[in-house]
Each structure stands twice: as C-alpha cells, then as structure tokens.
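Down below is the structure, laid out as structure tokens.
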Amino acid sequence: MSSDPYNAMVREYFADPQHAGDLEGAATGYFSDQGMHIRLAATVSGERITSMRFRAWGCPHVIAAAEAICRQYEGRPVAALEEFTSDHIMQDLAVPIEKTGRILVLEDTVRSLGQAIRDSA
Amino acid sequence: MSSDPYNAMVREYFADPQHAGDLEGAATGYFSDQGMHIRLAATVSGERITSMRFRAWGCPHVIAAAEAICRQYEGRPVAALEEFTSDHIMQDLAVPIEKTGRILVLEDTVRSLGQAIRDSA
Amino acid sequence: MKQPDNVYLDYAATTPADERVIARMQEVQTTSFANPSSSHAAGRQSMEVVTNAARQLGALLNIDPDALLWTSGATESNNLAILGAARHRAHRGKHLVTMRTEHKAVVDVFKALEKQGFAVTWLSPGDDGRVLPEVLADALRDDTQLVSIMHINNETGIVQDIGSLGRVCREHDVLFHVDAAQSVGKVHLDLQALPVDLLSLTGHKFYGPKGIGALYVSASPGTHIEPLLWGGGQQRRLRPGTLPVELIAGLGAAAEISAALMDDEYSRLTALRASLWEGICAIDGVHANGDLNNGYPGILNVGVDNVEGESLLLALEPLCVATGSACNSQSQEPSYVLRAMGRSDLQAQSAIRFSFGRQTAPADVEFAARTYRSAVERLRSIAPEAVA
Amino acid sequence: MKQPDNVYLDYAATTPADERVIARMQEVQTTSFANPSSSHAAGRQSMEVVTNAARQLGALLNIDPDALLWTSGATESNNLAILGAARHRAHRGKHLVTMRTEHKAVVDVFKALEKQGFAVTWLSPGDDGRVLPEVLADALRDDTQLVSIMHINNETGIVQDIGSLGRVCREHDVLFHVDAAQSVGKVHLDLQALPVDLLSLTGHKFYGPKGIGALYVSASPGTHIEPLLWGGGQQRRLRPGTLPVELIAGLGAAAEISAALMDDEYSRLTALRASLWEGICAIDGVHANGDLNNGYPGILNVGVDNVEGESLLLALEPLCVATGSACNSQSQEPSYVLRAMGRSDLQAQSAIRFSFGRQTAPADVEFAARTYRSAVERLRSIAPEAVA
Ligand SMILES: Cc1ncc(COP(=O)(O)O)c(C=O)c1O
Ligand SMILES: Cc1ncc(COP(=O)(O)O)c(C=O)c1O
C-alpha cells in the first residue's frame, strides 16, 4: 500500500520546476493524450539547444519528467532529441509502471520538438 | 454473558456448609437424578426436627440449597417437610432457570425424608 | 512564517484517539485483561467493563445496550448487516436497494450479492446529493428485503434524511440498514425515534480506537441476520471471537466523550468550514462538492476546473488531505461518488476533501486556504494556456 | 498465610499484553494515528508502522511479511481460511477434513459448511490425543480440497505433528490450514520449513493486543481464498477495512518479544507444570488430560474421579482457571474435546485447565496445588459415600 509514491527527484523537480514557462520565438512540440497535456519549447543556436522550457498539465511524474528533460537537453546537440528514449527518466524518477503510457507521450513530445526544430531550420 | 452466577448466599453456604455430614441413627431421604446425588438426614424429638444434615454431590446451587434446607428445618415441625416447595429456595439462591430440575430433585428428597421419618415413627 | 510540518485535515479518514480513550484503554489493559467469557472472577470483571462500555454507547444512540454487536469496524458491520440480512431473508425475496454514493464497504457488498443472484437497485442521488423518500418508495418491490443508505457521506458530508427514508421502509415492511460510520459521535442519532433496523459504526471515526466497531441490531422480531463468522458462543453466536475488552472500553469512552462535546464541536466545525470556503471560493472555477447549508460541517470537498488532481494533492503538502475517500486514495480513478452526483471525470479528479476535527484550529484552516490558493495558482501557471 | 486475591492461571484463554506492547501501542496512537491507506505524509508514516510490524511477525514465523493478512483474531482468521479456501475450490471438489478436537472457531465453520453442501470427515484423535499421518492419508479423497488441523490444543496442550500431516497434504495436493492460535509466540514455527498453506494466529494469546490477529496465506500459486468481507481495496481486497495501526504495531512488538523469550519461557513453563502435577498427582482418581511428555507445558488439564466440575471450579477460587475452553465455559456441557479423547461425560466434566504464562511464579503453582487438593478433599467430604 502507501509508501511514498514520489522519490526525492520527483519531489524536487515538481516543487521547484526551473524550466516551467515559455520561450520567445522557440520551436515547440505539443501533445495531449492519456489525460495529460505537454508542451516543450526550445531555442537553438547552431546545432545546440540553448534554452528549453516546458508547460505541463498532468500528474507529478509528468511535470517532474518535463523538468528533467529540459535540464538534460539545455546545451546539448539538437540531434540528441531524436534519440530520446524514456528509460532513464522512468528509472531516475521511479515512475510507476502504470504511468508508462504518460512517459511515452512525453517521448513523442520530445521527438516532435526535434522535428519542429529541423522544420524551422 | 458472565456476570457472577452465584449470589452471596450461594457463595456463603457453599464455602462453609455447616450442616454437611451425617447423623447417628437418623432417618434419611436419598435421591440421585439429573447428574446429582443428595442425602438428607434428620433426627426428631416428638414432632420437631432436632438436627438435620446433608450430603450432596452436585453443582454449587445444589450444595447451597441442601445447606439452606437444613438451616431452615432444624427446630421446625416434621410436618413442614411434607409441605416443602422449592420456590423460595429458587429465589433466595437465585437458581438459574435451567437448574430447576435439580431443585425439584431436592424437593423430592425433602419429601422422602418426611416420609422416612413418619415410617420410622 | 514558519511552515508547519504537517497539517492534518483528514478526520473523515480517521481521527486520533482521544487522550481519555487512550488512558481508559491502558487502565483496562492492565487491570481487566481477562477473557470476558471466562466465568472466574477476573473474567467477570472484564465482562463488567464490556457491559459498562455497551451502556455508554447505548446512551449515545438511545438504545438498549443489548442491541449492540461488537465488530472490528464499520466494514465488518456493513458486511454483517447486509450479507446477514440478505441471506437470512433470501427465501422471502432477493431484491435489495442501495445508493450509488455509498462507501465501498457497502457498494462492494451489494456487488458481491449481485454475483450471488440477488437483484440490486442502485439509486442515484439528486443534484443535492440526496435521495428523496419518493424515489426510494418507487424503487421498492414486493420482493424487496433490505434497503441500505448511509447517513453522512464520507466524501462530501452530504446528509441523507434517514428518518423519512426509514419510514418508507417501515411502511413497506423492508429492513433498513444505515451506514453511520461518519455520523455516530458527531451528530445526534436517536435510534428510539428513528426507524432504523440495523446501523453500522466504527470507533476510529469519532476519536475511539481503531479495530473496533459495532452493529446495532434492533430487537424488533423481524430483524434477524445470519452470522458471517462461526465459532464460540460469544455475542449470541452472531459474532464469535474473544471480546477485545480494552477496545470496547475505548469505544465506550469515546461515545461518552462525544456525547458531551457534540454540540459545541458541531458549531466550531461549522465556523471552520465557512472560513475555509471563504478563503478559496474566489478562485476561478472552484466549486464545493456537497451541501454548504445542510451538509455535515466537518467535511468540505472542493473541486476546481482545469487542475490535475494528483498534482494538486502533492502541491498541497504539508496538508494531509484526501482525494476521494482514503480507502481508494491509492487509485487514480475519479471518485465514483462525485461521478454519481453528476460531476465530469475531470471535475471529479480534481476534488480534494478537507475534513476537520477536534484538533483543527482556525489557523490550520487559514493555512489550508492559503496553501490551496497558491497550489492552484502554481499548477495553472505551469500548464499550457489551452488547459489552464 | 495471606490468601491471594486472585491467581490467574488462565493464560490459554488470554494473556495480559506485555508492558512493551502497551507502550508501543500508546506511542503509535499518538504519533501515527493516520489511516495507512492515505497517500499523504501522515498516512505513509502509519503504513511504515504497519510494514515494520509485518516484518516483526514475519521474522517470528520465518515468512515473507507480504504473506500476512491482518484480521480481528484467530476466529476470523480460521473463518477466512476455511470458508475462503473451501468456497474458492468448491468447483473442484467439496470434501474437507478436520479433527473432532479442534477449537469451536474451526468446528463451527465446518459445521456451517456441512449445511452448505460440503462433506466433512471428522478425524478422531488416538489415545494420546494426536492424529497419525496415516490416519489423515486414509481420510483423503480425490475430491478433498482442504485439511484443517490445529497445532496446540487449547484445552489439553496436545501438540499435533504439523510437519508430517502437512507432508501428507502436499503429497495429495490438498491445502493445509493450521489453527496456531495457541502456539504462535510460544513454540518455534518455521513456515519455510513446514508444509503449511494457511495459518491462523491471534495477538492476545501471546501477550499482544486483543482484537488483532493474522492469517498467513502462502504465496504458492494454489493457495487462493475468497474474502469474507467486501469493501475498500485494503490487503489485496482479501480483507478490507481501515488497518488498526496501533493494534498491528502491538502485535508486531509481541512477536518480537516472544521470539526473544521463547526458549527460556518454555523451560520455565515445563518446570511449573511438573511442579503442579507433582503437587496433585497423588490425589486418588486424578489424571492428566493431555501429554505430560510431549504436550505444550503451558497447559495442564486435570480430571479427577467423582468430583463435580462446577463445584470444583467454585471451590478453587481464588484461582482463575477454566473448565474446557473459555469460550464455552459458560455452558455446563462436558468438553467435547475430552469426550473425543475417550473420556466419559463424568470424567470430562470434572476437568480443570490450568494454564501458565510469563507472570506465573512457582509460588502460584504451589498455591494452586494446595488449593486443588483441599477443594477435592472438601467436596468429597460433603458427598454421599456412594459417590465420593
Ligand atoms: C461511510 C463509511 N463506511 C464505512 C467505512 C469503513 O470503516 P472501517 O474502515 O472502520 O471498517 C468508512 C471509513 O472508512 C466510512 O467512511
Ligand atoms: C485454538 C484456538 N483457536 C482459535 C481461537 C479464537 O481466537 P480469538 O478469540 O482470538 O478469535 C482460540 C482462542 O480462543 C484458540 O485457543
């Protein structure tokens, strides 16, 4: 039964998501499925992501995962977005198995962001 | 459920039955029924009972009732024995209803003692 | 401002035992531990403790203490009442009536009976969450044997009109069971006056011990039930097992204390609920799931548009509050109680139940309002504009 | 010599809770009262208490704590195991096996099942009170689904050979339930080593709280049971209801304490029983109902010829002892357990059960022997010669 459903990372990212918000003139990916809504936005300089922001409506794992993704990609090559897999997010945030579907939606959002950046390039 | 099944009189008479025992040359009544055994013995002078003793094998109510009867009849006329009814014993000793049969055996014993005294007269 | 560690606003899930209850239990544990069924002096002393507790609980409900069966809680009481009466009367008829907004410990019993060949009519509440006597009367059939309707709803605080509903049952010679887990010790219940045949209660909802409850079984000749458990001869064979003397004593003490505090507490809770509602009702899209006028004031269930429930709950920490009832708070499903009241899935899943009790101070409620306002604001600020 | 107020020698009926158990319960009542099913911080803290207690009880039995279901006591555990398994397997077969010398909370469950169309074979014990594995094997049929045999008998202390009996069940693919109410916490029970599928226990028999017990349900794929109670999702839906955190904590503490004291206590009890028996065995017509070599030493059941049982019990005051088991000590009927062991009605009804425990001192036992001797003597002196 109830032991803490949220690990320390989920709690920290949920309580203080430093990447929640919008970016002027950014490429965006948006998905709405599984009772959640997620938007990722990134600005790019050359092949690198300079800034990344999210907006999310969903459970704490979804919000924390969005924050984790933003933290992870700022400063990295755009190409990495398209190689995104949710495995280590699932692990780092100890996402319960029944929420896998939601994290897959997040995965789709990351990929569509990659696509959007390429499209706008 | 359990409240005390024995009232104070039962407890006193059972713990210290002053009339348990035998009497030399006495008339006796004896009954054995309902899983109990009871013997009453009395010596008589003229029309009066001078001494009365019991022996009993049975539950505490039976033992206490035997003691009560002995106490009650010493010094009284023999004829009273044959008018014995168990009503006030049932009441004084708060005999539970399911033990009525045993007290009726006691009643029979008292009567048979009366009979025995008359027979030996 | 120092942020409190934890603000417990989940009294509808369970209450802390009153200090005097704890003290009484401890006293009994050390002085009257014997088995009340034992005929020796120590056993008789334990039985006296039990008898005294039955008198205390009997006084709270205005009933003959002999009409009480001790159980392990309202779940067992509900099961014993419903399964016990349905099975005992099965030869007469197999139709039963209950409401969609009952606690799981009633709903699931009726579902089990449906699988066993009983027919159940599930009444829906009106907009105000209540079922009207006429609606109940319409549902009754010639073969109806039992109606089970709760008194105070555990999620919304909505109060059913037990008196009127019971009269409908009496008129139709149908047994009436009331799950009063949320109302005993909190509002007046006079079972001499109310037409109730079976009533379930549990200690831990009114500052008594956990693991002990009772079922009132009216002495009227029609009210017979089959036992659920078989064993020793305790409790007229209707509920065997060694009587837990100290729990029973604790429940008795809780009953007596509740009777004394009830009226003042009710007023206090009314003020607390009003204050919380005032502190949050201005939020855009906020709505009360319940009845702010006639509902039980110890519960305020609040929904808010466009906020995700699970995140709201986490954002509300350190408030200890519930989504739906505690017993299904593990599940992510929107409350079936609120759905039955006509809320959408989305509305229902944002619902937060605040419930207050004896230790709740006005400052707790102010803190709760503040926390709720900022949680909603923050989550909305994170959400995509399309949603928030 | 000052006569003591009360000498409690009825530990088989119930034991006083250990001081440390009481202290632990009080601590939990004040610090972890929340509902363990609640997902908030307070609820999680309560769940930790529950998890920890399960670990303590699991360690005592050498099992995975997840295999435990919390119940209200052994009566419920027995009912849940027996009704639950019989009903779950009814489509496979309806034959069940138990013993005549089981506790009422087993006997009456099987009687109820007989009325529901199950066939029950009632095994009689041998002269030593035990059932041989061969006898059990002979009783098994192709359609046998469940065998229920107690570990330590509550009236006589006779110990069944659970290991051998369980192996017979395993060989025949039949579920094996053990009522271990009298043995848990008192003798070693290693459920990894023993072929047991279901095992019932209760807190108040080993210095834990009353009103709490457990059912061990082995994780093996064949061991499924139907619930008795329906309700919230607690305990894998097998036993719903708010978990009584403090009782569970008390039961866990009792398990840990018992594990530590077990061996010393067993030796101490062996000496006490020997001393009592020595003090009374010279009485004419006295006999032990039980096994002075292999029986559990905390119980000495003594019969005596030509003495009426109810009067003997009263004459023994201030000893708190039992005739038969506590739960039918209200009734005047001779013990069915002793009758099944071949005692006559008369012999059975004179039986007195002395049972010892942690607070029993050698002086108590000496006093008991003295009291017993003089009670028998006195009652015989009152009886007509023909009987005494
Ligand atoms: C209305 C209602 N009925 C029944 C119950 C079940 O009570 P318990 O958990 O004590 O068995 C509860 C509480 O959980 C309740 O609120
Ligand atoms: C062997 C045995 N089984 C079952 C029980 C029932 O236990 P409880 O009264 O805790 O339900 C007892 C004690 O009364 C017992 O001795």
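FYI, it's all coordinate maths here, none of it is from the lab. Keep in mind it's a predicted model, so treat the numbers as computed, not measured. Neighbour counts run over all protein chains shown; Cβ positions are idealised from the backbone, glycine included.
Between residue D:293 and residue D:6, the simple spin-label model (points 7 angstrom out along Cα→Cβ) gives 3.9 nm. Where both partners of a DSSP beta bridge lie in the stretch D:16-257, what percent of those bridges are antiparallel, to the nearest 5? So the antiparallel bridges amount to about 40 percent of the total.
Each of C:180, C:238, C:34 was placed along the dipole of the stretch C:16-257 (beta-carbon charges, centred on the mean Cα), and the one lying farthest toward the positive end is C:34.
Going from the fewest other Cβ atoms within 10 Å to the most, the residues D:251, D:165, C:313 appear in the order C:313, D:165, D:251. The dipole here belongs to chain C: it is taken about the Cα centre, uses +1 on the Cβ of Lys and Arg and -1 on the Cβ of Asp and Glu, and is about 900 debye. Selection among D:124, D:70, D:311 by position relative to the dipole of chain D gives D:70 as farthest towards the positive end (Cβ unit charges, Cα centre).
Annotation for residue C:30, label-to-label distances across the other copies: 1.4 nm (shortest first, one decimal, point 7 Å from Cα along Cα→Cβ). Neighbours of residue D:345 by Cβ distance under 13 Å: Lys/Arg scored +1, Asp/Glu scored -1, total -1. Sorted from closest to farthest, the other copies place their residue C:359 label points 3.1 nm away, with each point set 7 Å from Cα along Cα→Cβ.
Here, P(r) means the percent of Cα pairs in each 5 Å bin from 0 to the largest distance; for the stretch B:8-120 it is 2, 13, 26, 27, 19, 9, 3, 0.
Counts of other chain beta carbons within 10 angstrom of each beta carbon in peptide B:17-24 average 1.
Evaluate the charge dipole of chain A about its Cα centre and quote only its size in Debye, nearest 20, assuming +1 on the Cβ of each Lys and Arg and -1 on the Cβ of each Asp and Glu.
140 debye
What separates the residue C:274 label point from its copies, with the point 7 Å along Cα to Cβ, is 7.7 nm, written shortest first.
May I ask which residue of A:114, A:18, A:64 lies farthest towards the positive end of the charge dipole of the stretch A:8-120, with charges of +1 (Lys, Arg) and -1 (Asp, Glu) on Cβ and the Cα centre as origin? Of the options given, the answer is A:18. For the stretch C:79-135 and the stretch D:257-291, what is the separation of their Cα centres, given in Å? After rounding, the separation between the Cα centres reads 54 Å. Spatial offset of the stretch C:208-229 relative to the stretch D:17-52 amounts to 28 Å, using the alpha carbon center of each.
The sum of -39500 (n - 2.57) across all DSSP H runs of n ≥ 4, divided by the residue count of chain C, sets its helix-only mean residue ellipticity at 222 nm to -12500 deg cm²/dmol.
Place a point 7 Å from the Cα of residue C:385 along the Cα-to-Cβ direction; which residues of the stretch A:48-70 have their backbone N under 18 Å from it? Hits in the stretch A:48-70 for residue C:385 at 18 Å: A:53-57.
Each distinct pair of alpha carbons in the protein assembly as shown adds a 1/r term; the inverse of their mean, the Kirkwood radius, is 31.8 Å.
Annotation: the residues D:5, C:138, C:108, sorted from fewest to most other C-beta atoms within 10 Å of their own C-beta, follow the order D:5, C:138, C:108.
Expressed to the nearest 5 percent, the antiparallel share of DSSP beta bridges inside the stretch B:1-78 is 95 percent.
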